[in-house]
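Enquirer: Have a look at this one before I ask anything.
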Amino acid sequence: MIQKKTVSVSFMIMGILFSTCLIASNLLETKVLQFGSFTMTAGVLCFPVSYILNDCIAEVWGYRKVRLVIWLAFLMNFLVVALGQLAVFLPAADFWTDNEAHFNFVFGLAPRIAMASFTAFLVGSFVNAYVMSRMKLSSQGRHFSLRAVASTLWGEGADSIIFFPLAFGGLMPLEELGKLMLLQVVTKTAYEILALPLTIRVVNYVKKREDVDVYDTDLSYNPLKISQI
């Protein structure tokens, strides 16, 4: 199948959703949820959707296109964080002072958290896309469900291993940090599994509608080669 160079409406919608989920998850990370004896950040509500979209884009349009989407989402998230930092820095109106602390808590993302989030997102997303692409080639396009779950495990694993030690290392006991990392990976992978029936339908529909099913042959997996789209 020859890879199309145009950008379709379906691709654009998935790319926008991917960026939105990333930005929303970073804002939601400021709250830690408690479920019995387990804790997790509220980003778990929408962050797994970005990995599902990553799988869909990689499956239909291939690694080149998902590489472009990952970098665009990264830049959009960076823009939101930068604007948030600017808003925090600027003086508040006199009548807004009572609300300033709450605003700063949400949008005043600490440099340490921002660095951890940006790094983990890039590594996790590219690991997810790489595993999805390579497994598609080796399986000749079969076993999408297995590929989606396996790529999420690798991607979410890489994300958690990087994010939580960088963001919270030294701020909580190592045992709690390990439990939080493991719970995040398990929860997000379970999210992927539960969503598989819908994901499969979406992928099959888009493939049929767009008449495209890319296999990543003869390409560089270098994340920086974004000019190859």
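The values are calculated or read from the model by the stated rules, or taken from the named source; none is laboratory data. Predicted model only: the values in this text are computed from it and were never measured. Here the Cβ positions follow ideal geometry from the backbone for every residue, glycine too, while neighbour counts run over all protein chains shown. Note: areas computed on protein heavy atoms with side chains; ligands, DNA, RNA excluded. Shrake-Rupley method; radii C 1.70, N 1.55, O 1.52, S 1.80 Å.
Enquirer: Could you please let me know if residue 151 is surrounded by 12 or more Cβ atoms within 10 Å (Cβ to Cβ) and polar (S, T, N, Q)?
Expert: yes
Enquirer: Next question, about the same structure. Answer yes if at least one residue in the range 35-57 is among the β-branched types (Val, Ile, Thr) and open to solvent by 50 Å² or more (accessible area, probe 1.4 Å), and no otherwise.
Expert: Just the residues of the range 35-57 that are among the β-branched types (Val, Ile, Thr), to begin with: 39, 41, 44, 49, 52, 57.
Cutting the leftovers down to open to solvent by 50 Å² or more (accessible area, probe 1.4 Å) gives us none.
No.
Enquirer: Any chance you could count how many residues in the range 35-76 are without any contact (Cβ under 8 Å) to a residue 12 or more places away in the chain and farther than 19 Å from residue 223 by Cβ?
Expert: The qualifying residues number 3.
Enquirer: For residues that are in contact with a helix residue (DSSP H, G or I) (Cβ under 9 Å, 6 or more places away or on another chain) and not in a helix (DSSP H, G or I), scanning just the range 200-217, find the one that is modelled with the lowest pLDDT.
Expert: Across the range 200-217, the extreme among qualifying residues is 217.
Enquirer: Just one of the numbered conditions (1) of a type in the set (S, T, N, Q); (2) outside any loop (DSSP other than H, G, I, E, B); (3) open to solvent by 20 Å² or more (accessible area, probe 1.4 Å) is not true of residue 220; which one?
Expert: If we test residue 220 against (1) of a type in the set (S, T, N, Q); (2) outside any loop (DSSP other than H, G, I, E, B); (3) open to solvent by 20 Å² or more (accessible area, probe 1.4 Å), just (2) comes out false.
Enquirer: Just to confirm my filter: which helices (runs of 4 or more DSSP H) fall fully inside the range 30-146 and include at least 2 residues that are of a type in the set (Val, Ile, Thr) and at pLDDT below 80?
Expert: On the way: elements: 47-61, 63-89, 97-107, 111-138.
The qualifying helices (runs of 4 or more DSSP H) are 97-107.
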